[in-house]
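Peer 1: Below is a structure I'd like to ask you about.
The values are calculated or read from the model by the stated rules, or taken from the named source; none is laboratory data. Bear in mind that the values here come from a model prediction, so they are computed numbers and not experimental data. Positions of Cβ are backbone-derived with ideal geometry, glycine not excepted, and every protein chain shown enters the neighbour counts. Heads up: the accessible areas ignore ligands, DNA and RNA and are worked out on the full protein's heavy atoms, side chains in. Shrake-Rupley method; radii C 1.70, N 1.55, O 1.52, S 1.80 Å.
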Amino acid sequence: MPGEFDFIEWLCTQHRASDLVAVPQGDDLAVLNWPAGELLLVGVDQVLDGVHFDAKIHDAQSIGRKVMNRNLSDCAAVACLPAAAVVAAALPLGAGLDYAKELYLGMREAGEKCGCVIVGGDTGSWPGKLALSVTILGRSGGVGPITRKGARAGDGIYVTGPLGGSILGRHMTFEPRVQLARTLAQTGQITAMIDLSDGLSRDLGHICRQSGVGAVIDAEKVPIHADAKALSLRDGRDALNHALSDGEDYELLFTASDELSNAQGVVRVGTITQESGIWLTRGAERKRLEAVGWQHAM
Ligand SMILES: [Mg+2]
């Protein structure tokens, strides 16, 4: 990108000291200290203009926050502590130095809230739209990673907040549930967990498939976000339907072996079953819950 060296020079002035960084930046790779005996968890997640945001509508800082927060939400999903991130940015030709700085500042702000430092990256310009990719490194920090595989018949199914209608704005402004995930995992009762990026019906399908179980969701227990109701008034689709399938909620969906109280910031929405298949019940009525929701375009 034009001014790439100005950008690198500016980044050096933005450097924050961290115990994790063993050698101050300036080399081809970042050099990190890693706490002895801790697992290293690694993930990558990207956002693309026209798919995950619209660069004509959303400002650079909020786009930067979103890509970092999606990665932090993946850390929450496995209950690890976010530690460090590296970034790759493909900038549209002519985006300019100030735009790149704003993207960075958005990412840094979101990361810092969860103890995650940006330790390296790469930028380039091309005749396409903005694409941002963040690779995140997490550490286990004394809590075993929670996988999608541990749900057992009889476990309660919980979510950490109201769902649906995130397209009205929350998909850009959500707060990843990193701290809550740690608190929940420390109870030792969480058997499986995922973050709600694709919608409850689809993400619950991931847990059920990988755990070899089924599930029953109680329609009356699903917390419906005000955005889902607002969207329902506009498009005539049932608000519950929005809550079950819109996606990009970035709340946690998890199963627990013991009853958790709502006071813990969670809502029980159903029960894991031995019988396979996912069902939605309302009183005596029961129908199959189709896995609809955000599907990654190929
Ligand atoms: Mg995820």
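Peer 1: Name the helices (runs of 4 or more DSSP H) wholly inside region 180-256 in which the number of residues that are within 16 Å of the ligand (Cβ to nearest atom) and in contact (Cβ under 8 Å) with a residue 24 or more places away in the chain is 3 or more. Steps first, answer last, please.
Peer 2: Working: elements: 200-211, 226-235, 239-245.
Here the list reads 200-211.
Peer 1: Using beta carbons and a limit of 8 Å, which pairs, at least six apart or on different chains, have the first residue in region 57-74 and acidic (Asp, Glu) and the second one within 16 Å of the ligand (Cβ to nearest atom)?
Peer 2: Every condition considered, the pairs that remain are 74/43; 74/45; 74/136; 74/195.
Peer 1: Give the residues of region 245-287 that are open to solvent by 60 Å² or more (accessible area, probe 1.4 Å), within 29 Å of residue 167 (Cα to Cα) and out of contact with any strand residue (DSSP E or B) (no Cβ under 6 Å at 6 or more places or on another chain), sorted by residue number.
Peer 2: 262, 263, 264, 282
Peer 1: Sort out which residues of region 27-54 are within 16 Å of the ligand (Cβ to nearest atom), surrounded by 15 or more Cβ atoms within 10 Å (Cβ to Cβ) and of a type in the set (A, V, I, L, M, F, W, C), and write them in order of number.
Peer 2: 41, 47
Peer 1: Any idea which of 243, 291, 230 is farther than 23 Å from residue 77 by Cβ and in contact with a helix residue (DSSP H, G or I) (Cβ under 7 Å, 6 or more places away or on another chain)? Even if it seems obvious, please write down each step before you answer.
Peer 2: Details: 243 fails: farther than 23 Å from residue 77 by Cβ; 291 fails: farther than 23 Å from residue 77 by Cβ.
Exactly one residue qualifies, and that residue is 230.
Peer 1: Exactly one condition in (1) closer than 29 Å to residue 246 by Cα; (2) without any contact (Cβ under 8 Å) to a residue 40 or more places away in the chain is false for residue 127; which is it?
Peer 2: (1)
Peer 1: What number of residues within region 166-179 satisfy the criterion of being open to solvent by 50 Å² or more (accessible area, probe 1.4 Å), closer than 14 Å to residue 75 by Cβ and in a helix (DSSP H, G or I)?
Peer 2: So the count comes out to 1.
Peer 1: Return the pairs, sorted by first residue and then second, in which the second residue is open to solvent by 50 Å² or more (accessible area, probe 1.4 Å) and of a type in the set (Ser, Thr, Tyr), the first residue lies in region 259-288 and is at pLDDT below 95, the beta carbons are less than 8 Å apart, and the residues are 6+ apart or on different chains.
Peer 2: Hits for this filter: 260/187; 264/183.
Peer 1: Just for region 55-85: of the residues that are within 16 Å of the ligand (Cβ to nearest atom) and small (Gly, Ala, Ser), which one is surrounded by the most Cβ atoms within 10 Å (Cβ to Cβ)?
Peer 2: Initial filter on region 55-85 (within 16 Å of the ligand (Cβ to nearest atom)): 66-80, 82, 85.
After this cut, where a residue has to be small (Gly, Ala, Ser) as well, the list is 73, 76-77, 79, 85.
Details: 73: 26, 76: 31, 77: 27, 79: 28, 85: 26.
Here the answer is 76.
Peer 1: May I pose another question? Looking at region 106-124, is at least one residue in contact (Cβ under 8 Å) with a residue 12 or more places away in the chain, under 18 Å from residue 50 (Cβ atoms) and within 21 Å of the chain's Cα centre (by Cα)?
Peer 2: No, because not a single residue in region 106-124 is in contact (Cβ under 8 Å) with a residue 12 or more places away in the chain, under 18 Å from residue 50 (Cβ atoms) and within 21 Å of the chain's Cα centre (by Cα).
Each row is one residue, and each column tells you yes or no for (1) buried (at least 21 other Cβ atoms within 10 Å of the Cβ); (2) modelled with pLDDT of 95 or more; (3) not hydrophobic (A, V, I, L, M, F, W, C).
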position	(1), (2), (3)
122	no, no, yes
164	yes, yes, yes
187	no, no, yes
208	yes, yes, no
212	no, yes, yes
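Peer 1: Quickly run through region 94-108 and pick out the residues that are surrounded by 18 or more Cβ atoms within 10 Å (Cβ to Cβ) and either among the β-branched types (Val, Ile, Thr) or assigned to a loop (DSSP other than H, G, I, E, B) (or both).
Peer 2: Scanning region 94-108 gives a single hit, 95.
Peer 1: Still on this model: Name the residues in region 18-76 that are in contact with a Pro (Cβ under 9 Å, 6 or more places away or on another chain) and of a type outside the set (A, V, I, L, M, F, W, C), would you?
Peer 2: 49, 69, 70, 71, 73, 74
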